[in-house]
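Participant: Handing you a structure now.
The values are calculated or read from the model by the stated rules, or taken from the named source; none is laboratory data. Predicted, not measured: the structure shown is a model, and the values here were computed from it. Cβ atoms come from the backbone with ideal geometry, glycine included; neighbour counts cover every protein chain shown.
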Amino acid sequence: MGKYELISRYLSEFLSQEVRKTGLKKVVIGLSGGIDSAVVAVLAHRLFCDDLLCVKMPSHYSSQNSIDDADELCRQFSLRSETHSIEPMLRAYETSDMSPLRIGNLSARLRMVTLFDISAREGALVLGTSNKSELMLGYGTLYGDLASALNPIGDLYKTEVFELARYLGIPSSIIDKPPSADLWAGQSDETEIGYPYSELDRVLKRYVEERHTLEEMVRDGENPQLVDMIVNRIYKNQFKRKMPLIAKLTSRTVNHDFNYPRDITL
């Protein structure tokens with residue numbers, strides 16, 4: 001049994017157990033036309049079938065290619081889907097002096113507002129699509145694409161998501177295009193971060209998984225600027241990977257010493 005067959009089986013079991021613990025039977029996912037949401041959608045569909053709803057939420061900044069790729073994925077895997085454009089909400093707030101960063105963050109949050117509302121309508125759990133590379137680098141919008149109830153791919157680096165996508169039979173049009181959050185015209189993840197995921201993941205794995213020091217990595221020939229950027233981003237963006245920090249005033253404070261597991265038996 002190959003690595004990605006084992007991973008897909010494990011993630012299916014993870015989704016089955018964790019959704020069942022909540023008492024819910026349905027899941028929803030925001031489908032962007034990108035590789036991360038495609039992988040999560042196909043994994044979830046194997047388990048939930050028609051109890052999975054994929055929600056496409058384009059804006060006036062979305063590329064036609066992304067829309068077409070999301071449609072093709074739904075056709076190929078018979079995914080149940082709906083389309084809810086965020087354009088009216090975005091245009092209602094958008095001003096001419098808004099930076100691409102603000103537009104991108106607002107778009108991500110409007111999509112998650114829409115997705116959580118649909119999850120309430122459906123009685124479903126929202127599945128996340130952020131990979132480990134994005135989570136470690138803080139490359140995501142707090143209460144936007146980082147918001148979810150469960151995330152099956154958060155411990156897979158971006159390069160591993162590509163490999164899993166190939167195993168799952170994701171269309172080549174999704175796998176082969178440059179990674180993009182599609183938050184504004186021409187936006188590219190690797191251009192925005194400054195390095196390709198192959199280099200980012202190599203250093204991330206050495207630092208996070210193998211516990212190499214900065215000095216060791218630079219001594220071994222890694223780019224010092226790349227190493228510094230990654231380590232700084234990991235620590236600077238820790239707040240995005242945690243629940244809001246609560247000032248402790250009592251003997252039992254949420255997220256300090258009132259930490260019961262979600263599956264505790266009463």
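Participant: Just one of (1) farther than 16 Å from ARG241 by Cα; (2) touching a Leu at 6+ places or on another chain (Cβ under 9 Å); (3) in contact (Cβ under 8 Å) with a residue 60 or more places away in the chain; (4) not charged (D, E, K, R) trips up LEU115, so point out which.
Facilitator: (2)
Participant: Would you list the strands (runs of 3 or more DSSP E) that sit entirely within the stretch 1-108 and hold 3 or more residues that are closer than 23 Å to GLY140 by Cα and assigned by TED's automatic domain parsing to the domain that holds PRO171?
Facilitator: Here the list reads 26-30, 52-56.
Participant: Could I ask something else about it? Out of the residues in the stretch 130-183 meeting the condition of being in a loop (DSSP other than H, G, I, E, B) and touching a strand residue (DSSP E or B) at 6+ places or on another chain (Cβ under 9 Å), tell me which one is surrounded by the fewest Cβ atoms within 10 Å (Cβ to Cβ).
Facilitator: Result: ALA149.
Participant: Does LEU146 satisfy the condition of being within 22 Å of PHE239 (Cβ to Cβ), in contact (Cβ under 8 Å) with a residue 60 or more places away in the chain and under 13 Å from the mean Cα position of the chain (by Cα)?
Facilitator: The answer is yes for LEU146.
Participant: Still on this structure, I have one more. Identify all residues within the stretch 33-75 that are polar (S, T, N, Q) and at pLDDT 95 or above; write none if there are none. Working first, answer last.
Facilitator: Within the stretch 33-75, the subset polar (S, T, N, Q) is 37, 59, 62-66.
Selection gives SER37, SER59.
Participant: Restricting to the stretch 55-97, name every residue that is of a type in the set (Phe, Trp, Tyr) and under 17 Å from LEU183 (Cβ atoms).
Facilitator: TYR61, TYR93
Participant: Same structure, new question: Just the residues that are over 19 Å from the mean Cα position of the chain (by Cα), within 23 Å of GLY144 (Cβ to Cβ) and free of Cβ contacts under 8 Å to residues at least 60 places away in the same chain, please, taken from the stretch 4-49.
Facilitator: Once the filter is applied, which keeps residues that are over 19 Å from the mean Cα position of the chain (by Cα), within 23 Å of GLY144 (Cβ to Cβ) and free of Cβ contacts under 8 Å to residues at least 60 places away in the same chain, the stretch 4-49 yields nothing.
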